[in-house]
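Undergrad: Below you will find the structure I want to go over with you.
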Amino acid sequence: MRYADGPTVRSDVHIAAGPARVWELVTDIELPARFSPELQRVRWLDGADRPAVNARFEGHNHDAMLGDWRTVSHVVDLASPRVFAWAVVDPDGRFGEGPADPRVPLATWRFDLEPEAGGTRLRHGVRIGPARSGLSQVIDRMPGQEEAVIQFRLASLLAGIEETLRGIKALAES
């Protein structure tokens, strides 16, 4: 798999709570930072205080290999209580791309919810690219290892996604 293919990873979990309760949790943008090994903190921008299409929020991330970086996310899909998705851009040009454009994000994240067996099926996933990201910088240094680099990153992202899902499940069911 190549970066240009838009590598994707996702996972899902059944939660013994209704979609309204799960929706309340997944649309709290600060919640993933409680569980993610990479996302450190998040805050709404432009006076927003809840998700709305085109609302923006800032995230601060840390990775042992890539260091620290800031992102800005734009809510791109919102359908209560079914879909919450956001496109992530590089507002500081850290990864060598031109102006930050949510139509060409460095990643697109999403939660999908559907009623299931007295509870909710929650899916969480990410599509990488097409804009440059920290992953692009690693691939630039090891172009012959692109597929292995992407697989390593997808495994890391999947671990974070599954940790977030476990955390949301625990909170929703408590």
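The values are calculated or read from the model by the stated rules, or taken from the named source; none is laboratory data. Values in this document were obtained by computation on a predicted structure and should not be read as measured data. Methodologically, a virtual Cβ is constructed for each residue, glycine included, from the backbone with ideal geometry; neighbour enumeration extends over all protein chains shown.
Undergrad: Determine, yes or no, whether LEU78 is touching a helix residue (DSSP H, G or I) at 6+ places or on another chain (Cβ under 9 Å), under 21 Å from GLU24 (Cβ atoms) and among the hydrophobic types (A, V, I, L, M, F, W, C). Full working, then the answer.
TA: On the way: touching a helix residue (DSSP H, G or I) at 6+ places or on another chain (Cβ under 9 Å): no; under 21 Å from GLU24 (Cβ atoms): yes; among the hydrophobic types (A, V, I, L, M, F, W, C): yes.
Spelling it out, it is not the case that LEU78 is touching a helix residue (DSSP H, G or I) at 6+ places or on another chain (Cβ under 9 Å), under 21 Å from GLU24 (Cβ atoms) and among the hydrophobic types (A, V, I, L, M, F, W, C).
Undergrad: So which residues in segment 91-138 are in contact (Cβ under 8 Å) with a residue 40 or more places away in the chain, among the small types (Gly, Ala, Ser) and closer than 22 Å to VAL9 by Cβ?
TA: Result: GLY125, GLY129, ALA131, SER133, GLY134, SER136.
Undergrad: Of GLY6, GLY47, GLY59, GLY18, which residue is surrounded by 13 or more Cβ atoms within 10 Å (Cβ to Cβ) and either over 25 Å from PHE152 (Cβ atoms) or of a type in the set (S, T, N, Q) (or both)? Step through it out loud before you land on a result.
TA: Working: GLY6 fails: either over 25 Å from PHE152 (Cβ atoms) or of a type in the set (S, T, N, Q) (or both); GLY47 fails: surrounded by 13 or more Cβ atoms within 10 Å (Cβ to Cβ); GLY59 fails: either over 25 Å from PHE152 (Cβ atoms) or of a type in the set (S, T, N, Q) (or both).
Being surrounded by 13 or more Cβ atoms within 10 Å (Cβ to Cβ) and either over 25 Å from PHE152 (Cβ atoms) or of a type in the set (S, T, N, Q) (or both) holds for just one of GLY6, GLY47, GLY59, GLY18, which is GLY18.
Undergrad: Now for a separate question. Could you count how many residues in segment 84-127 are in contact with a helix residue (DSSP H, G or I) (Cβ under 8 Å, 6 or more places away or on another chain), farther than 17 Å from VAL72 by Cβ and aliphatic (A, V, I, L, M)?
TA: Of the residues in segment 84-127, 2 are in contact with a helix residue (DSSP H, G or I) (Cβ under 8 Å, 6 or more places away or on another chain), farther than 17 Å from VAL72 by Cβ and aliphatic (A, V, I, L, M).
Undergrad: For segment 118-174, how many residues meet the condition of being over 15 Å from the mean Cα position of the chain (by Cα), farther than 24 Å from GLN40 by Cβ and outside any helix (DSSP H, G or I)?
TA: Final tally of qualifying residues: 6.
Undergrad: Check off (1) in a loop (DSSP other than H, G, I, E, B); (2) surrounded by fewer than 16 Cβ atoms within 10 Å (Cβ to Cβ); (3) touching a residue at least 12 places away in the same chain (Cβ under 8 Å); (4) more than 15 Å from the chain's Cα centre (by Cα) for PRO81 and give me the number that stays unchecked.
TA: (2)
Undergrad: Of the numbered conditions (1) touching a strand residue (DSSP E or B) at 6+ places or on another chain (Cβ under 6 Å); (2) at pLDDT 95 or above, PRO91 satisfies every one except a single condition; which is it?
TA: For PRO91, the failing item is (2).
Undergrad: Can you tell me which of THR120, THR164 is buried (at least 16 other Cβ atoms within 10 Å of the Cβ), β-branched (Val, Ile, Thr) and over 17 Å from GLU38 (Cα atoms)? Outline the logic, then answer.
TA: Working: THR164 fails: over 17 Å from GLU38 (Cα atoms).
None of the others qualify; the one that does is THR120.
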